Amino acid sequence: MKALGRHILVEFNSCNSEILNDVSAIEKAMVEAAQTAGATVINSTFHHFSPWGVSGVVVIQESHLAIHTWPEYRYASVDLFTCGDSVDPWVSFEFLKKAFQANYSALELNRGSLSVIEKTDFKPNTIRTEPSFDLKKGYQIDRNVWFTDKDENQALSLRYTGDVLFDEKTPYQRVRVLESFSHGKFLAINNMVMCTERDEAHYHEMMVHPIMQSLGDAKNILVIGGGDGGTIREIFRYDHVNKVTMVEIDEAVVRASKEHLPKISAAFSHPKLELIIGDGIQFVKDAKPGAYDLIIVDGSDPIGPAKGLFTTEFYENCKKALKDGGAVITQGESPMFHETTFVELNKCLKGIFGKDQVHTMIFHATTYPSGMWSLQIGVKGSRHPAVDFDKNKAQAFSSAKGLRYYNEDLHAAAFALPTFVKSMLAENKN
Ligand code: SPD
């Protein structure tokens, strides 16, 4: 070869936009393109941009493969650079063409033409005696792929291995299970984190225990959503519960959790559970008046099928379906991330249950954007869940069950709202 390297500049057009926006699929294709050409992969870094597009590079012992995608133009710009004769970059090109389902144009340049550059007798001052990686151990790629849950202005990202454990597009949404480095496996719906192995207890324990401790002997419970199973797992810690009916719209969520999140989905075989795959909104509409002690709404954010879980009609139907003295608790979004939804939901509940019968809790949701999340409760009666509970029982319960987040002190503390949240909800005393 009369040059140091071969550089192919590729224009991939008319690609599959979905693939061009899928950071995991792109990272996999780029790494495999390098390996197929016989390159030794050292490292890869890929990032998904807001609102769409992916950039990344695969560093190979023989140089690099780089990409930037514009899914909205069905276009990707790709650089394939190899040094020496051992790797043919056109093999990587062929691989990527198929992976992106692309049309193409490409140009090969010789880089470092030996007719214009000359070797010197450069000797570095220090020479590394150990290789930077051990070829004997084989494939040693250090992947850097991120999952990002975001709106236009804020985001939470988790670095994950790049391996996709579950990925299905259902009639309702995209359901995925991925494995993060910091929080274990996690369930994602569309591009939102639903729960991670490491911190799911924060959400599920707070969803269930403050209200269960306050109601004291809730026996007949309805759960809307909650397909991962974390909420029912917490409910079944109470022996006095007679029956839990759970209505989840998307069977794939249940399946994904059973297959990959065994600790979260452990209660699906409980004999007191009736699992219905169906529309929870319609179920509540058709429910017998006064049937339930407690309704738990463990839905996703108000996009797609969960939209109807944020409406006046839905909570009016919940109230009808509750016994006197019963309560509904719902995931109430974030005062820092979804301010409008958080406030509107609160107004909606107050309009139905009455101003003094609606109570808001805040807890640390470390893998939801902003890290600050709420649960909102409507009570059909005068019970105040922050006050009307037995602290000694809560203490005994949380330690006997080995809970990770909820305890007797946190119970009342979770209802103490920061001043800016009180102002949002017009709950300031003066
Ligand atoms: N932005 C995330 C809101 C998620 C609420 N539900 C999560 C389901 C966990 N059981």
| Anyone know which of S370, S257, S182 comes out most mobile in the 10 Å Cα GNM of the chain? | S182
| note | Rounded to one decimal in nm, the spacing of the 7 Å Cα→Cβ label points at K422 and S370 is 1.9
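Over the chain, what is the relative contact order in percent, taking alpha-carbon pairs closer than 8 angstrom and at least six residues apart? Mind dumping the intermediate values first?
Values: 896 pairs, mean separation 50.6, N = 430.
This gives 12 percent for the chain.
To the nearest 500 deg cm²/dmol, what mean residue ellipticity at 222 nm is calculated for the chain from DSSP H runs of n ≥ 4 alone, each contributing -39,500 (n - 2.57), summed and divided by the residues?
One gets -7500 deg cm²/dmol as the mean residue ellipticity at 222 nm.
What full-extension length gain, to one decimal in nm, is calculated for A3 and E251 as 0.36 nm per residue of separation minus the Cα-Cα distance?
Values: separation 248, 0.36 × 248 = 89.28 nm, distance 5.72 nm.
Result for the pair: 83.6 nm of gain on full extension.
With a 1.4 Å probe and every protein chain kept in, tell me what percent of the accessible surface of the range 147-196 is carbon plus sulfur. Intermediate results must be reported in sequence, preceding the final value.
Numbers: 930 of 2100 Å².
After summing per-atom areas, the C and S share lands at 44 percent.
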| Counting DSSP beta bridges with both partners in the chain, what percentage is antiparallel, nearest 5? | 75
| the range 3-142: radius of gyration and largest Cα-Cα distance (Dmax), Å | 16.4, 50
| query | So, with a 1.4 angstrom probe, what is the percent of accessible area on the range 208-424 that is carbon and sulfur? | reply | 51
| message | With 18 Å as the cut-off, how large is the P(r) tail for the range 300-430, expressed as percent of Cα-Cα pairs? | response | 57
| query | What FRET efficiency comes out for the pair S86/K263, r = Cβ-Cβ distance, R0 = 35 Å, nearest 0.05? | reply | 0.15
| In the calculated pair distance distribution of the range 147-196, what percentage of Cα-Cα distances lie above 14 Å? | 47
| request: Compute the FRET efficiency between N153 and I117 as 1/(1 + (r/R0)^6), taking r as their Cβ-Cβ distance and R0 = 45 Å, and round to the nearest 0.05. | output: 0.40
| the range 219-346 pair-distance distribution - Cα-Cα, 10 Å bins, rounded % | 13, 44, 35, 8
| message | Quick check: with the 1.4 Å probe, what order do D217, D388 take by accessible area, largest first? | response | D217, D388
| note | With every protein chain in place, the accessible area of L417 for a 1.4 Å probe, in Å² rounded to the nearest 10, comes to 20
| message | What distance in nm lies between label points placed 7 Å from Cα along the C-beta direction at E274 and A396? | response | 3.2
| task | Work out how much length T161 to K355 would gain on full extension: take 0.36 nm times their residue separation and subtract the Cα-Cα distance, in nm to one decimal. | result | 65.2 nm
| note | Expected field for Y172, accessible surface area in Å² at 1.4 Å probe radius, rounded to 10, holds 100
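Hydropathy first: keep DSSP H helices in the chain averaging at least 0.0 on Kyte-Doolittle, then drop any whose Cα extent along the axis falls short of 20 Å, and list what survives. Mind showing how you got there, number by number?
Numbers: long enough: 200-215 (23 Å, -0.24); 339-353 (21 Å, 0.29).
Helix filter hits for the chain: 339-353.
Going by accessible area, probe 1.4 Å, with all protein chains left in place, what is the ranking of D228, D163, largest first? Can you show the working numbers first?
Values: D228 15, D163 80 Å².
Ranked from most to least accessible, the order is D163, D228.
Using a probe radius of 1.4 Å on heavy atoms only, what accessible surface per residue do you get for the range 214-303? Whole Å² is fine. It would help to have the intermediate numbers written out before the result.
On the way: 3410 Å² over 90 residues.
Per residue, the range 214-303 has an accessible area of 38 Å².
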| note | Beyond 20 Å (Cα-Cα) in this structure, taken from K288/K319; K288/K323; K319/K401; K307/K380; K272/K320, we find K319/K401; K307/K380; K272/K320
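What's the whole-number percent of alpha carbon pairs in the chain lying beyond 38 angstrom? Don't skip to the end; give the middle numbers.
Numbers: 33053 of 92235 pairs.
Of all Cα-Cα distances in the chain, 36 percent exceed 38 Å.
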| task | Order I249, I211, I303, most accessible first, counting only protein heavy atoms with a 1.4 angstrom probe. | result | I303, I249, I211
| request: Return one quarter of the surface area of the convex hull spanned by the alpha-carbon atoms of the range 208-424, equal to its mean projected area, in nm². | output: 11.0
| query | In the full protein assembly as shown, how much of M192 is accessible to a 1.4 Å probe, in Å² to the nearest 10? | reply | 20
| message | Before I look further, what does the range 70-125 give for accessible area per residue, probe 1.4 Å, in whole square angstrom? | response | 70
| query | Quick one: if the Förster radius is 41 Å, what FRET efficiency do V387 and N43 give, using the C-beta to C-beta distance and rounding to 0.05? | reply | 0.15
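The values are calculated or read from the model by the stated rules, or taken from the named source; none is laboratory data. Given the structure is predicted, the values throughout are model-derived calculations rather than measurements. Counting neighbours? That spans all protein chains shown, and the Cβs are built from the backbone with ideal geometry, glycine included. What goes into the accessible areas is simple: the full protein's heavy atoms, side chains included, and nothing from ligands, DNA or RNA. Shrake-Rupley method; radii C 1.70, N 1.55, O 1.52, S 1.80 Å.
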